[in-house]
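Heads up, the thing below is written out as structure tokens.
Each value in this text was obtained by applying a stated rule to the coordinates, not by laboratory testing. The model shown is predicted, which means the values in this text are computed figures rather than measured ones. A quick note on method: Cβ atoms are made from the backbone with ideal geometry, for glycine too, and the neighbour counts reach across all protein chains shown.
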Amino acid sequence: MNRNIYQEPLVSRYTSPEMQELFSERFKFTTWRRCWVALAEAQHELGLELVTQEMVDELKKHIDDIDFEVAAAKEKEIRHDVMAHVYAYGLKCPKAEAIIHLGATSQFVVCNTDLIIQKKALALIKKALVNVIANLHAFCDAYKDMATLGFTHYQPAQPTTVGKRNTLYIQDLLMDLAYIENLELQVKARGAKGTVGTQATFLELFHGDHAKVRELDRLVSKKLGFDQVFAVTGQTYPRKLDMKTAETLAGIAASAHKFAVDLRLLSNLKVQEEPFAKKQVGSSAMAYKRNPMRSERMTGLARKLMGLPANFAATAANQWFERTLDDSAIRRMDMAQAFLLADAILKLYVNITSDMVVYPKQIERYLRNELPFMATEKILMACVERGKSRQEMHEIIRKHSVAAGLAVKEQGKENDLLVRLAEDSSVPFTLIELEAMIGNFQEFTGRAKEQTVEFLNEIVAPVLEKHQALIGNIDSTLKV
């Protein structure tokens with residue numbers, strides 16, 4: 001590592017080797033060569049006499065034999081990366097040199113390679129996403145009936161269960177997965193379309209044979225691993241696809257951001273935490289701290305990714321007629337960053353959900369502090385059943401609730417509402433009887449447990465079964 005120049009943190013700190021490899025120069029330029037091989041091979045198979053089997057074989061032999069220094073020197077001289085690599089490839093393949101890139105424009109290799117990379121990158125994102133869902137599925141099942149305080153507006157509300165709360169995160173991720181699978185259907189080859197998408201040069205090569213030119217488009221795309229090819233393009237594949245890709249990845253970021261912020265809030269309450277390594281340092285100054293640093297990192301990375309779609313929308317909107325070059329520089333940065341960010345976020349998400357920690361006693365403490373207020377309706381009905389006036393008891397319970405609430409807020413006391421009610425002679429229940437009314441927290445969670453079971457069995461399980469091959473065998477180890 002050269003420590004005298006800027007290093008991209010997404011690569012040095014946060015992302016998987018698999019995703020890094022896809023956006024590496026070696027993968028890009030070897031894929032360019034595979035595009036040139038596919039083109040030459042398809043031209044030969046369709047009877048173009050200029051291209052011989054010997055030439056195709058030579059090209060195949062030297063796909064991985066790239067002299068990067070020669071290519072870099074040539075690009076510096078001619079200021080054109082594609083032609084520099086045509087030159088470097090030609091030096092390795094003297095017999096085939098004359099037919100490399102025959103009839104093609106630069107975007108033949110650039111666009112088709114970008115699409116191949118994105119197709120493979122989406123597969124990595126999909127795998128990580130499925131593994132997060134699987135982790136959360138197991139967590140929700142384990143805690144499906146553990147009552148916990150619910151919050152609206154970050155204020156105590158009715159109880160739910162730990163499992164039910166986490167089904168909300170799964171539901172978001174299932175939507176993200178559906179969007180990815182829809183996007184996968186949209187990723188088609190750019191194919192062999194020529195300079196402005198009219199295939200004019202290829203038509204000349206095949207002496208006006210439209211059928212062969214059309215078959216060339218299909219055959220090259222198939223050799224590159226695509227079942228479908230864009231029927232029409234300008235010089236590039238439609239940048240609208242990039243926009244939708246960025247939106248889909250940003251959607252994952254939004255889902256992860258929601259989860260990460262919630263976990264940070266729960267960590268503050270000491271209710272639920274991310275994993276914490278034995279030797280992990282929470283703070284340089286405060287040795288006791290257990291900062292939710294993974295969730296915080298996830299939040300920051302997600303914020304960055306959520307901001308990228310605007311760039312892709314602007315690029316798609318500014319492609320004048322058949323093509324303009326203002327997409328090149330920004331796409332070099334943003335397309336790689338979008339996938340690397342999504343990869344980093346999901347790597348964290350898998351890591352965190354693999355071993356989250358729950359603190360039942362702390363959960364119970366919060367429930368006991370708040371449930372007396374929430375149980376007042378139940379207490380009121382019980383008083384009526386013992387012959388008391390609803391209106392009279394409502395006023396008594398209201399008065400004591402307000403007083404108990406003020407004591408908690410102004411004097412820092414524990415919630416003593418049940419004691420106040422038990423000491424009021426108008427209330428026909430002892431303290432033991434009142435405490436028994438809130439003793440079973442599960443009674444206050446409605447159908448939370450049942451909803452969790454139904455959701456996991458009916459909605460999540462079929463998705464995990466469909467993608468069973470993707471579950472496991474994923475490295476979520478963090479570099480730092």
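For 32, 320, what ranking results if the residue with the fewest other Cβ atoms within 10 Å of its Cβ goes first?
With the sparsest Cβ surroundings first, the list reads 320, 32.
Quickly rank 412-423, 378-389, 100-111 as a protection proxy: mean count of other C-beta atoms within 10 Å, highest first. Write down the numbers at each step before the final one.
Working: 412-423: 16.7, 378-389: 14.3, 100-111: 21.2.
Ranked by mean Cβ neighbours within 10 Å, highest first: 100-111, 412-423, 378-389.
For residue 157 and residue 473 in one chain, what is 0.36 nm times their gap in residues minus the Cα-Cα distance, to one decimal in nm?
Computed gain between residue 157 and residue 473 is 109.8 nm.
Assuming R0 = 22 Å, what is the FRET efficiency of residue 409 and residue 430, from their Cβ-Cβ distance, to the nearest 0.05?
That pair, residue 409 with residue 430, gives E of 0.20.
Would you please classify the overall shape of the range 28-79 from the alpha carbon gyration tensor, given that a ≥ b ≥ c denote the square roots of the eigenvalues, rounded means a/c under 1.5, and beyond that prolate means a/b larger than b/c while oblate covers the rest?
Taking the square roots of the gyration eigenvalues as a ≥ b ≥ c, the range 28-79 is prolate.
Okay, helix-only estimate at 222 nm for the chain: each DSSP H run of n ≥ 4 adds -39500 (n - 2.57), divide by all residues, round to 500 deg cm²/dmol; what do you get?
That calculation yields -20000 deg cm²/dmol at 222 nm.
Can you compute the radius of gyration and Dmax for the range 376-437, using only the Cα atoms, both in Å?
Values for the range 376-437 (Cα only, Rg and Dmax): 11.5, 35 Å.
With 29 Å as the limit, write out which pairs from 164/479; 61/240; 413/449; 270/409; 60/304 have Cα-Cα distances beyond it, or answer none.
Beyond 29 Å: 164/479; 61/240; 413/449; 60/304.
Set the Förster distance to 60 Å, then compute FRET efficiency between residue 447 and residue 7 from the Cβ-Cβ distance, nearest 0.05.
Once rounded, the FRET efficiency stands at 0.70.
Where in the range 441-480 does the label zone of residue 184 land, with the point 7 angstrom along Cα→C-beta and an amide N cut-off under 20 Å?
Zone members listed by number: 459-475.
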